[in-house]
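Notes follow the structure.
The values are calculated or read from the model by the stated rules, or taken from the named source; none is laboratory data. What you see is a predicted model, and the numbers here were worked out from it, not measured in a lab. Here the Cβ positions follow ideal geometry from the backbone for every residue, glycine too, while neighbour counts run over all protein chains shown.
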Amino acid sequence: MDPKDRRKIAQAGLNAVHLVVLTGMSGGGKTVALRALEDLDFYCVDNLPASLLPQLVGAVLQDRGGRRMRIAVGMDARNREHDIEMMPQVLSELAGAGVQVHLMFLDCSDEVLIKRYSETRRRHPLAMRNVSLADAIAAERRLLRPLMRIAEKVVDSSQLNVHQLRRIVATDYARATEGLTIMFESFAFKRGLPLDADFVFDARCLPNPHWQPQLRPLSGKDAPVRDYLQAEPLVGEYLADTRTWLEAWLPRFEADDRSYITISVGCTGGRHRSVYLVEQLAAHFRQRRDSVLTFHRELD
């Protein structure tokens, strides 16, 4: 590592910089994971050579005035083989300089990867003439195996949709953010409570758009459903009381060093009332906080 870069990092203070490196199988969800970190206010760069990581950290520190920094970098088989081989050494040097280094490996079964490439008709980065997709995937797996062995976390995305993967990444790295990250989640009681909910609000007492034939196929994100619920005084009262309670109590959890909290709102089907309330709550708190996420279990 260049002495100038080491000096910049040291001057920023120990634990001031969180660097998340996302790597893994092409088609495994790295782009989705990178966007999830972008939502958490990470400075994100995709496909950066390993040799440039120290310069990136130093440049971001200089640009941001030494404030606590969150940086995420995507790295996969598009990099030169030499860059992948030197990655463990570069990460070790950064950690030695005081950077909080996190390496996440996104894995996926060969069968699912082949299906994803077939459906999207994308070209695998290692696919060349006379090289089958299966052989390209096998070659990539061999190339990235050393990184998988040293990864802080390995996520198998074979059975995950993009929203589930996004949520896993956000949950894992919310601790690198400043303050409290809030996840607002809608769900259907008929499918059970979310296992990771910290607070659950029951919206089944509110007027139900499901019984309006023209609204039934829509969701709480659609304007006709929003208009219907906004016109109901009981919905407005419920929303105001929920906002007031959360505004009073969220700072208490934040003061207790909580970095992530999930607030779940449920209704019968998880498509109308709960979705509407989650969207309204998230919009309200985004005006006051940096890290507010949403997840609609029955829609996503």
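Observations on the model:
- Subset of segment 124-153 that is in a helix (DSSP H, G or I) and farther than 30 Å from residue 100 by Cβ - its residue that is modelled with the lowest pLDDT: 133
- Pick from segment 210-239, criterion among the hydrophobic types (A, V, I, L, M, F, W, C) and surrounded by 11 or more Cβ atoms within 10 Å (Cβ to Cβ), ranking: nearest to residue 179 (Cα to Cα): 239
- Test: residue in segment 194-203 that is of a type in the set (A, V, I, L, M), more than 13 Å from residue 267 (Cβ to Cβ), assigned by TED's automatic domain parsing to the domain that holds residue 273 and in contact with a strand residue (DSSP E or B) (Cβ under 9 Å, 6 or more places away or on another chain): yes
- In segment 61-93, of all residues being closer than 18 Å to residue 31 by Cα, at pLDDT below 80 and not aliphatic (A, V, I, L, M), the one that is surrounded by the fewest Cβ atoms within 10 Å (Cβ to Cβ) corresponds to 78.
- Hits in segment 94-124 (condition: surrounded by 15 or more Cβ atoms within 10 Å (Cβ to Cβ) and not hydrophobic (A, V, I, L, M, F, W, C)): 98, 100, 102, 107, 109, 116, 117, 124
- Enumeration of residues in segment 40-62 that are among the polar types (S, T, N, Q) and part of a helix (DSSP H, G or I): 51, 55, 62
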